[in-house]
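Engineer: Pasting in a structure now, in C-alpha cells, and then I'll have a few things to ask.
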Amino acid sequence: MIIYTEVSELDKFIINGGKRLRGSVNISGAKNAAVAIIPAVILADDVCVIENVPQINDVTIDLQILRHIGADVRLLDKSTIRIDPKHIKDTVVPYELARHMRASYYFLGTLLSKFNHAKVSMPGGCDLGDRPIDQHLKCFKALGAEYTIEHGIVEISADKLIGTQIYFDKVTVGATINAMLASVKADGLTILENAAKEPHIVDLANFLNSIGANIIGAGTDVIKIRGVKRFKGTHYTIIPDQIEAGTYMIAAAATKGDVTVNGIIPKHLEPITSKLRKVGAIIEERDESVRVIGSDSYERTNLKTMPHPGFPTDMQPQFAALLTLAKGTSILTEGIFDNRFRYVDELRRMGADISVDGKVAVIEGIERLTGAPVKVADLRAGAALIIAGLCADGITEIEEIQHIERGYENMDKKLRELGADIVKRKFPDAVDSIAKIV
Ligand code: EPU
C-alpha cells in the first residue's frame, strides 16, 4: 500500500501570518510530468525505475491505478518507484480511481497504444470551468481508433493504430501528451502540429525515448513520432516542479523574505522570475537554484496567462495574492481556463480588493491582509490562500486542504522549515478520502 499523504476533508492548515520566510527549500519532482510518465510506464516491456517522484496524492492515485490493472509497484525509497508493467492485462480504469484527478485520461492514450483498448471514466481534477477532451478524442480517431462515451465512461478501441498528421485546434498540454502516448507504437510517422511546449512535455518525450521511442521536436510546436514496436525498461529521473518552485518564490517575495529555492531548472522559471523582478523583488539566478530577496513594497503590474513559454496559468492565483499588497491597480487576464478566479472571494474575506469580470481580474493594492477562515476551491487557489495567510495579520484557517495535498509535497513542513508559523490540524476520526480508494 502506498499512500503519500493521509488527508481528510476536515483537515485544516492554521497559519499565524506575518513571519518573513528565510532559508532554503528543496523542490520535488514535477507533478504534471509524473502524472504523464507513470502511466507511460505501461508501454515498457520491462521494469522501469522512476526517481524524483513527488510524494503527492495525484501520484498515489496513479500508482493505485497501475496496481489495479496488474502492475507490480514498489517504493524503493520515498521518491523512487520501481514499476514492473509486464503482467498488466486489465484495460479498464474504474470510476472510483479515475474521478480523483484530471491526468487519469493519460491511461486512455497508453492503454490504447499498448492493448488497442481502454475504458476510463471521464476525468476529474480541479474545477477550472469547462474542460473538454475533444482534442484528445480527435487524435485517437485520427490514429484509427473508435470511441464511445456512455454513462460518463470513455471506451476506445482500434484494430490497428496508424501514424498520421494532427493539427491541434488549440494549444493543449493534455491532448499533446495523449497524442504522444497513443502514437509511439503506431505504424509509421505521426506529426503533431500546434503542440504544447511545456517542460513536462519534453520530460515525457525524454522518458519515452529512454525506453526506445523515436520522438523528436518535443519543446517546439511540431513533434514527430515514428512508431516503434517494442520498448525496454529504464531508469529515469523526473524534472523538478517549476510550479512548486514558483510558488515558493512568490511566498518568499510576498513575506519580504530571503529564500533560496534549490534543485530547479532556472530556464523553466523565466516568466515568473521576470514578473517578480518587474514588481520589485531581487532574484539571483544560479545553475540549479534561485535566491529571492523580498522588497518592503511592490509595484503594480499587468499579467496574462498563456501556454509555455508565457506566464503559466498554474501561477496566476499565487501571483494575484502578491499583487493584493502591491501599490496601485493590477490587471490579471486568464488566457487558458474559463474559471480560474475561484480564490477571489476567499481573498476578499481577508480584505483584498479584487473585482472579476469574466476572465479579467482587477486588483487594487491594499496595505495589509487580515487572517480569516477560508476554503480552498482547487490546487493553485489553495497555494494562493497559503501565501495570503503567510502575509496576513493574525490567524488564517484554511479548509479543504486535500486539494493542496494533491499537488504540493509536504507544503506545511517545507514552509515551517523556512520559518512560517503553519500547522496542519488533523481530524483522525474523519473518513480518509485517499485511504478509502487504496
Ligand atoms: N482544451 C480543449 N479541448 C481539449 C483539451 C483542452 O478545449 O481537448 C482546452 C481547455 O479547456 C483549456 C485549454 O485547452 O482551456 C488548455 O488545456 P490543457 O489541455 O492545456 O490543460 P490540461 O491538460 O487539462 C494541464 C495541467 C494543468 C495546467 C494546464 C495548462 C496536468 C495534469 N494538468 O491541464 O495543471 O493548468 O495543463 O498548463 O498536466 C495544475 O497543476 O494546477 C493544473 C491545473
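Engineer: Quickly run through the stretch 204-243 and pick out the residues that are crowded, with 24+ Cβ neighbours inside 10 Å and among the acidic types (Asp, Glu).
Structural biologist: Asp241
Engineer: In addition: Please go through (1) within 24 Å of Glu288 (Cβ to Cβ); (2) assigned to a loop (DSSP other than H, G, I, E, B); (3) away from the ligand (no atom under 16 Å from the Cβ) for Pro54 and return the number of the only condition it doesn't satisfy.
Structural biologist: Of everything listed in (1) within 24 Å of Glu288 (Cβ to Cβ); (2) assigned to a loop (DSSP other than H, G, I, E, B); (3) away from the ligand (no atom under 16 Å from the Cβ), Pro54 misses just condition (3).
Engineer: Checking the structure you have, find out if any residue of the stretch 353-370 is in contact with a helix residue (DSSP H, G or I) (Cβ under 6 Å, 6 or more places away or on another chain) and closer than 20 Å to Ala30 by Cα.
Structural biologist: Keep residues of the stretch 353-370 that are in contact with a helix residue (DSSP H, G or I) (Cβ under 6 Å, 6 or more places away or on another chain), which gives 354, 356, 363, 369.
From what's left, closer than 20 Å to Ala30 by Cα: none.
There is no residue in the stretch 353-370 that is in contact with a helix residue (DSSP H, G or I) (Cβ under 6 Å, 6 or more places away or on another chain) and closer than 20 Å to Ala30 by Cα.
Engineer: Residues to consider are Ile27, Ile37; find the one that is surrounded by 19 or more Cβ atoms within 10 Å (Cβ to Cβ), over 25 Å from Ala388 (Cβ atoms) and of a type in the set (A, V, I, L, M, F, W, C).
Structural biologist: Within the list Ile27, Ile37, the selection yields Ile37.
Engineer: Taking Arg230, is it at pLDDT 95 or above and farther than 27 Å from Asn410 by Cα?
Structural biologist: yes
Engineer: Still on this structure, please answer the following. Quick check on my filter: what residues within the stretch 305-338 are aliphatic (A, V, I, L, M) and part of a helix (DSSP H, G or I)?
Structural biologist: Matches in the stretch 305-338: Met315, Ala320, Ala321, Leu322, Leu323.
Engineer: Out of all the residues in the stretch 111-133, is one or more within 22 Å of Leu161 (Cβ to Cβ) and among the charged types (D, E, K, R)?
Structural biologist: For the stretch 111-133, residues within 22 Å of Leu161 (Cβ to Cβ) and among the charged types (D, E, K, R): present.
Engineer: So, in the stretch 362-379, of the ones that are surrounded by fewer than 23 Cβ atoms within 10 Å (Cβ to Cβ) and part of a strand (DSSP E or B), which residue ends up nearest to the chain's Cα centre (by Cα)?
Structural biologist: Going through the qualifying residues, I end up with Lys375.
Engineer: Return only the number of the condition from (1) over 19 Å from Phe337 (Cα atoms); (2) of a type outside the set (A, V, I, L, M); (3) crowded, with 23+ Cβ neighbours inside 10 Å that Glu198 does not satisfy.
Structural biologist: (1)
Engineer: Collect the residues in the stretch 7-34 that are within 15 Å of the ligand (Cβ to nearest atom) and in a strand (DSSP E or B), keeping them in residue-number order. Break it down stepwise before answering.
Structural biologist: Narrowing the stretch 7-34 to residues within 15 Å of the ligand (Cβ to nearest atom): 27-34.
Result: Gly29, single match.
Engineer: List the pairs whose first member sits in the stretch 368-381 and is within 24 Å of Gly328 (Cα to Cα), whose second member is β-branched (Val, Ile, Thr) and surrounded by fewer than 22 Cβ atoms within 10 Å (Cβ to Cβ), and whose Cβ atoms are under 6 Å apart, counting only residues at least 6 apart or on separate chains?
Structural biologist: Here the result reads Gly371/Ile395, each pair linking the stretch 368-381 to a residue that is β-branched (Val, Ile, Thr) and surrounded by fewer than 22 Cβ atoms within 10 Å (Cβ to Cβ).
Engineer: For the structure I just gave you, tell me whether Asp134 is surrounded by fewer than 24 Cβ atoms within 10 Å (Cβ to Cβ) and touching a residue at least 40 places away in the same chain (Cβ under 8 Å).
Structural biologist: Numbers: surrounded by fewer than 24 Cβ atoms within 10 Å (Cβ to Cβ): yes; touching a residue at least 40 places away in the same chain (Cβ under 8 Å): no.
For Asp134, the condition - surrounded by fewer than 24 Cβ atoms within 10 Å (Cβ to Cβ) and touching a residue at least 40 places away in the same chain (Cβ under 8 Å) - is not met.
The values are calculated or read from the model by the stated rules, or taken from the named source; none is laboratory data. Source: prediction; values computed, not measured. With ideal geometry, Cβ positions are generated from the backbone for all residues, glycine too; neighbour counts draw on all protein chains shown.
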